1. Out of curiosity, is residue 147 among the aromatic types (Phe, Trp, Tyr) and in contact with a helix residue (DSSP H, G or I) (Cβ under 9 Å, 6 or more places away or on another chain)?
2. Restricting to region 112-136, name every residue that is farther than 19 Å from residue 478 by Cβ and surrounded by fewer than 23 Cβ atoms within 10 Å (Cβ to Cβ).
3. Answer with yes or no whether residue 280 is hydrophobic (A, V, I, L, M, F, W, C), crowded, with 24+ Cβ neighbours inside 10 Å and assigned by TED's automatic domain parsing to the domain that holds residue 406.
4. Tell me, which residue of region 144-175 that is within 14 Å of the ligand (Cβ to nearest atom) and over 12 Å from the mean Cα position of the chain (by Cα) is surrounded by the most Cβ atoms within 10 Å (Cβ to Cβ)?
5. Any idea which of 50, 65 is open to solvent by less than 70 Å² (accessible area, probe 1.4 Å) and farther than 25 Å from residue 341 by Cβ?
6. Find all pairs meeting these conditions: Cβ atoms under 6 angstrom apart; at least six residues apart or on different chains; first residue within region 72-101 and open to solvent by less than 60 Å² (accessible area, probe 1.4 Å); second residue polar (S, T, N, Q).
7. If a residue counts only when it is more than 24 Å from residue 65 (Cα to Cα) and charged (D, E, K, R), which strands (runs of 3 or more DSSP E) contained entirely in region 200-274 have at least 1 such residues?
8. In this structure, does residue 257 turn out to be among the β-branched types (Val, Ile, Thr), closer than 30 Å to residue 158 by Cβ and free of Cβ contacts under 8 Å to residues at least 60 places away in the same chain?
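The values are calculated or read from the model by the stated rules, or taken from the named source; none is laboratory data. Computed from a prediction, not measured in an experiment: that's the story for all the values here. Glycine gets a Cβ as well: all are built from the backbone with ideal geometry, and neighbour counts include every protein chain shown. Heads up: the accessible areas ignore ligands, DNA and RNA and are worked out on the full protein's heavy atoms, side chains in. Shrake-Rupley method; radii C 1.70, N 1.55, O 1.52, S 1.80 Å.
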Amino acid sequence: METTTPTATAEREAIESVPKGLFVAGQWRPTEATMPVEDPSTGEVLCEVADASPAEAMPALDAAAAAQADWARTTPRERSEILSRAFELMIAETERLALIMTLEMGKPLAESRGEVAYAAEFLRWFAEEAVRIDGGYMTAPGGGSRFLVTKQPVGVSLMITPWNFPLAMGTRKIGPAIAAGCTSVIKPAAQTPLCTLAFAELLTRAGLPDGVVNVVTTGQADQVMSPLILDPRSRKLSFTGSTGVGKHLLELCAKTVMRTSMELGGNAPFLVFEDADLDAAVDGAMLAKMRNIGQACTAANRILVHRDVAEQFAEKMAARMASLPMGRGTEDGVVVGPLIDDRAVAKVTGLVADATERGATVHLGGSAHEGPGHFYPATVLTDVPPEAEMAHTEIFGPVAAITPFDTEEEAIALANDTPYGLVSYAFTQDLARGIRVGEGLEAGMVGLNLGVVSNPAAPFGGIKESGLGREGGFLGIDEFLETKYIGIRV
Ligand code: NAP
């Protein structure tokens, strides 16, 4: 695999390879206005893409609605084969897509390659699921009729995705929608539209009929998406993003009782018990903390460590964090890329200041770098008090916040003391404790001696204010299917 730093020409060619218009009914359409896409490692503009107005976005819904009936009639095998071809194309184009991702989002190339593989796996998984949509047949308990249970596509689906996983959050929605027979309109984050545009072009080459997937890029998310959500032709909203925006969208969806999937924010606790294999726990914490430069909904936000091993754990973690090269994500060997923008750096800076004012100790890092680019160094804080702001909000940066605990009960209580419930991690070598803690943690997902839970074959999703529904796994396709029961008199 290519591991050298790409040339400026390679960067330019990768950006030029992406269509920049709206993708509507299989055509690339220009808009009156355009918006810039910036490289967060330099602050420089990479290119301009279409910036749709509400009127320019509506034809995308028209196209999805027009294509829905024919698409729903395609055979599962046809849909499966299109997804399989898209998977093959995505894998074949890993280098180009990874470079586009690093340029628009900042994560190191090695991580971008990982995301392309992860994103492609959703296409493969749902290619396999498309042909396994099941149903049922049973005799009514009292006799006299039979129940035929079948599943049908929900219909036109709207999708809104965030900037932190600009390709995988799209394939995680479009994969099951295509498999289920739904058409869609997807709006990627304004800061990272290129991956979705490149994916749409790739779907065309995979043989996807016009209008089945439509892409709207815009800098006016609310004004553009509200009319689409309120339009009665839209039957489903699948959203990944912050809990605040998710709550607002749920209110909108209530007006038409639209089906929703909500993949929202997190505040993951990472528990290290005194009986844990400390080196394995540090390995896990590095993954759970540093993936995506800490900008993941699954990021270990609160690292809770038993007091007997807290100091040793912090030393090991600080040594590992200190060894991570920071720089532009395209540079060979870089692990800590830039944060997405200046606001993100200011947020992390404020959270670290608040924690230290409340008594936390800085072991490593602790202050933002001067520009250009939006860099914050790997940081380790110990004795972060539970009342610190960073214990209650997503840090979304490379800051390991370590808090000691004394008992298992206290650890679980601290872990659950949050309105979020996406993922929790626990490290222990005691199986009974692992099961006890795993069952006691209020989260949709638990990593037991495991630092990454994301897997296309597993049901990803949260409870409490972290969301509704599951993506991936056997449940992922159900988010795009309605169950219909036909009663038959016999
Ligand atoms: P965000 O601000 O909520 O934005 C997410 C998406 O929603 C973007 O496309 C954004 O468009 C759009 N949006 C914002 N306001 C909207 C509105 N009023 N109507 C319609 N669309 C609107 O979140 P973010 O900062 O991009 O992403 C980070 C958040 O996503 C974190 O909270 C993270 O935990 C969460 N996340 C969750 C998961 C999960 O699976 N649970 C996965 C990844 C990320 P613009 O780009 O134009 O603002």
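1. no
2. Residues of region 112-136 farther than 19 Å from residue 478 by Cβ: 112-120.
Listed by number, the residues that qualify are 113, 114, 117, 118.
3. Values: hydrophobic (A, V, I, L, M, F, W, C): yes; crowded, with 24+ Cβ neighbours inside 10 Å: no; assigned by TED's automatic domain parsing to the domain that holds residue 406: yes.
No; evaluated as a whole, the condition is false for this residue.
4. Let us first name the residues in region 144-175 that are within 14 Å of the ligand (Cβ to nearest atom), namely 158-173.
Checking which are over 12 Å from the mean Cα position of the chain (by Cα) leaves us with 158-159.
On the way: 158: 27, 159: 24.
So, considering only residues that are within 14 Å of the ligand (Cβ to nearest atom) and over 12 Å from the mean Cα position of the chain (by Cα), the one surrounded by the most Cβ atoms within 10 Å (Cβ to Cβ) is 158.
5. Going through 50, 65 in turn, just one is open to solvent by less than 70 Å² (accessible area, probe 1.4 Å) and farther than 25 Å from residue 341 by Cβ: 65.
6. Listed by first residue and then by second, the contacts come to 98/112; 101/112.
7. In region 200-274, the matching strands (runs of 3 or more DSSP E) lie at 259-263.
8. Spelling it out, residue 257 is indeed among the β-branched types (Val, Ile, Thr), closer than 30 Å to residue 158 by Cβ and free of Cβ contacts under 8 Å to residues at least 60 places away in the same chain.
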